[in-house]
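Enquirer: Dropping a structure here in structure tokens format, bear with me for questions.
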Amino acid sequence: MKTAPSSPTTPRPFLKWVGGKGQLLDELIERFFSAKVSGRYHEPFVGGGALFFGLHRLGRLGKSNAFLSDNNERLIEAYWGVQADVEALIALLEGHRAQHDKEYYYAMRGTVPESLTARAARIIYLNKTCFNGLFRENSRGGFNVPMGKYQNPPICDPENLRAVSLALSGTEVSVRPFAGVLDHAVAGDFVYFDPPYHPLSASSNFTAYHEGRFGVSEQQALAAVYRELDQRGVALMLSNSMCDFVRELYAGFRIDTVYACRCVNRDAGGRGKIPEAVVMNF
């Protein structure tokens, strides 16, 4: 399989992801540099992978030097599809683009193909055409986001998909819970955690991207993993909401405040720039 070399603007995230770190990327990269790590890169809540791809554009991640994971199997299948056969994936996405309309969208939403490449193309297509780029599943694991109102959604970007495939070659991508990072991370490695945020209010409570949930007990378990990795000598960075609960969980670590616009709050007045926490052990 031939892939095109990466351009200065690629690879970029190939999925829109709620809570994605594109607008905070410069601040996160600056902090990554200050960690001065020499080991491998781990991202257990990969989502859209903005930091991973940003570091690749800067040449800071070599092949076979990263572990990406998430417990959302549909998300990881999209990564596997790009990684395994990007040209077949592009062909399927071009077919989706040619047929896209309301009837086709809802037909695809209700269908789960058998092949990995077709499932990956379906998730990318739905992600690019659904409301607000939202990934949400019901209790049965069915994608249930309505179609968005876009004039010309960017369903297929061949140049970026090829660059993403190149970036993922040699990278281990897996479905696993966040605690799985304990099986791989060693002293000198770097781990970036970007979990579902602890809600600031009832109206901002959006922790259910799929049939799994991420509540208080999961946040506490994550903090325990963070502290265990810190004891190993692993460099750590974690994003979360800036609130007393998060400050208490990570008491004793450096906590910086950054600001980002978040657009999933049902109250339009809550969609401006809000403070977020970046927790570091360096």
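The values are calculated or read from the model by the stated rules, or taken from the named source; none is laboratory data. Here the structure is a predicted model, which is why all the values come from computation and not from measurement. We place every Cβ from the backbone using ideal geometry, glycine too, and count neighbours over all the protein chains shown.
Enquirer: Looking only at residues that are part of a helix (DSSP H, G or I) and among the hydroxyl-bearing types (Ser, Thr, Tyr) in segment 88-121, which one is nearest to residue 164 (Cα to Cα)?
Expert: So the first thing to find is which residues in segment 88-121 are part of a helix (DSSP H, G or I), and the list is 88-99, 102-109, 116-121.
If we keep only those that are among the hydroxyl-bearing types (Ser, Thr, Tyr) as well, we get 104-106, 117.
Working: 104: 27, 105: 25, 106: 28, 117: 15 Å.
Per the criteria, the residue is 117.
Enquirer: Here is a further query. Please go through segment 85-118 and pick out each residue that is within 20 Å of the chain's Cα centre (by Cα) and either crowded, with 19+ Cβ neighbours inside 10 Å or of a type in the set (Ser, Thr, Tyr) (or both). Let's see the steps before the verdict.
Expert: Looking only at segment 85-118, we keep the residues that are within 20 Å of the chain's Cα centre (by Cα), and these are 86, 89, 116-117.
Selection gives 86, 89, 117.
Enquirer: Got a number for residues in segment 119-132 being small (Gly, Ala, Ser) and out of contact with any helix residue (DSSP H, G or I) (no Cβ under 6 Å at 6 or more places or on another chain)?
Expert: Residues of segment 119-132 that are small (Gly, Ala, Ser), as a first pass: 120-121.
Right, trim to out of contact with any helix residue (DSSP H, G or I) (no Cβ under 6 Å at 6 or more places or on another chain) and you get none.
Qualifying residue count for the region: 0.
Enquirer: Among the numbered criteria (1) surrounded by fewer than 16 Cβ atoms within 10 Å (Cβ to Cβ); (2) in contact with a helix residue (DSSP H, G or I) (Cβ under 9 Å, 6 or more places away or on another chain); (3) under 16 Å from residue 169 (Cβ atoms), which single criterion is violated by residue 9?
Expert: Residue 9 satisfies every listed condition except (3).
Enquirer: From the list 187, 163, which residue is assigned to a loop (DSSP other than H, G, I, E, B) and either surrounded by 15 or more Cβ atoms within 10 Å (Cβ to Cβ) or of a type outside the set (D, E, K, R) (or both)?
Expert: On the way: 163 fails: assigned to a loop (DSSP other than H, G, I, E, B).
Sole residue among the options that is assigned to a loop (DSSP other than H, G, I, E, B) and either surrounded by 15 or more Cβ atoms within 10 Å (Cβ to Cβ) or of a type outside the set (D, E, K, R) (or both): 187.
Enquirer: If we keep just the residues of segment 122-160 that are touching an Asp or Glu at 6+ places or on another chain (Cβ under 7 Å) and not in a loop (DSSP other than H, G, I, E, B), which is modelled with the highest pLDDT?
Expert: Of segment 122-160, the ones touching an Asp or Glu at 6+ places or on another chain (Cβ under 7 Å) are 123, 137, 139, 141, 143-144, 156.
If we keep only those that are not in a loop (DSSP other than H, G, I, E, B) too, we end up with 123, 137, 143.
Working: 123: 97, 137: 86, 143: 92.
Among them, the one singled out is 123.
Enquirer: Among the residues of segment 137-160 satisfying the criterion of being buried (at least 17 other Cβ atoms within 10 Å of the Cβ) and among the charged types (D, E, K, R), which is nearest to the chain's Cα centre (by Cα)?
Expert: 137
Enquirer: Okay, moving on. Of all residues in segment 228-275, which are at pLDDT 95 or above, among the charged types (D, E, K, R) and in contact with a strand residue (DSSP E or B) (Cβ under 9 Å, 6 or more places away or on another chain)?
Expert: Residues satisfying the conditions are 230, 247, 254, 256.
Enquirer: Being more than 14 Å from residue 236 (Cα to Cα) and either at pLDDT below 90 or assigned to a helix (DSSP H, G or I) (or both) narrows it down to one of 15, 25, so name that one.
Expert: Working: 15 fails: either at pLDDT below 90 or assigned to a helix (DSSP H, G or I) (or both).
Of 15, 25, the one residue that is more than 14 Å from residue 236 (Cα to Cα) and either at pLDDT below 90 or assigned to a helix (DSSP H, G or I) (or both) is 25.
Enquirer: Would you point out the residue of segment 43-84, among those that are among the small types (Gly, Ala, Ser) and in a helix (DSSP H, G or I), that is surrounded by the fewest Cβ atoms within 10 Å (Cβ to Cβ)?
Expert: The initial filter retains those residues of segment 43-84 that are among the small types (Gly, Ala, Ser), namely 47-50, 54, 59, 62, 64, 66, 69, 78, 81, 84.
Going one step further and asking which of them are in a helix (DSSP H, G or I), we end up with 50, 54, 78, 81, 84.
Values: 50: 22, 54: 21, 78: 23, 81: 26, 84: 16.
Step by step, filter segment 43-84, then rank; the result is 84.
Enquirer: Ok, one more. Look at residue 217 and say whether it is at pLDDT below 95, surrounded by fewer than 17 Cβ atoms within 10 Å (Cβ to Cβ) and either out of contact with any His (no Cβ under 7 Å at 6 or more places or on another chain) or not small (Gly, Ala, Ser) (or both).
Expert: Considered against the rule, which asks whether it is at pLDDT below 95, surrounded by fewer than 17 Cβ atoms within 10 Å (Cβ to Cβ) and either out of contact with any His (no Cβ under 7 Å at 6 or more places or on another chain) or not small (Gly, Ala, Ser) (or both), residue 217 comes out as no.
Enquirer: So which of 93, 68, 61 ends up being at pLDDT 95 or above, in the same structural domain as residue 194 (by TED's automatic domain parsing), in contact with a helix residue (DSSP H, G or I) (Cβ under 8 Å, 6 or more places away or on another chain) and not hydroxyl-bearing (Ser, Thr, Tyr)? Full working, then the answer.
Expert: Numbers: 93 fails: in the same structural domain as residue 194 (by TED's automatic domain parsing); 61 fails: at pLDDT 95 or above.
Only one candidate passes the filter, namely 68.
Enquirer: What residue, among those in segment 196-208 that are modelled with pLDDT of 60 or more and either farther than 24 Å from residue 29 by Cβ or touching a helix residue (DSSP H, G or I) at 6+ places or on another chain (Cβ under 6 Å) (or both), is surrounded by the most Cβ atoms within 10 Å (Cβ to Cβ)?
Expert: At the first step, the residues of segment 196-208 found to be modelled with pLDDT of 60 or more are 196-201.
Still in the list and also either farther than 24 Å from residue 29 by Cβ or touching a helix residue (DSSP H, G or I) at 6+ places or on another chain (Cβ under 6 Å) (or both): 198-201.
On the way: 198: 22, 199: 15, 200: 17, 201: 10.
Top of the filtered list is 198.
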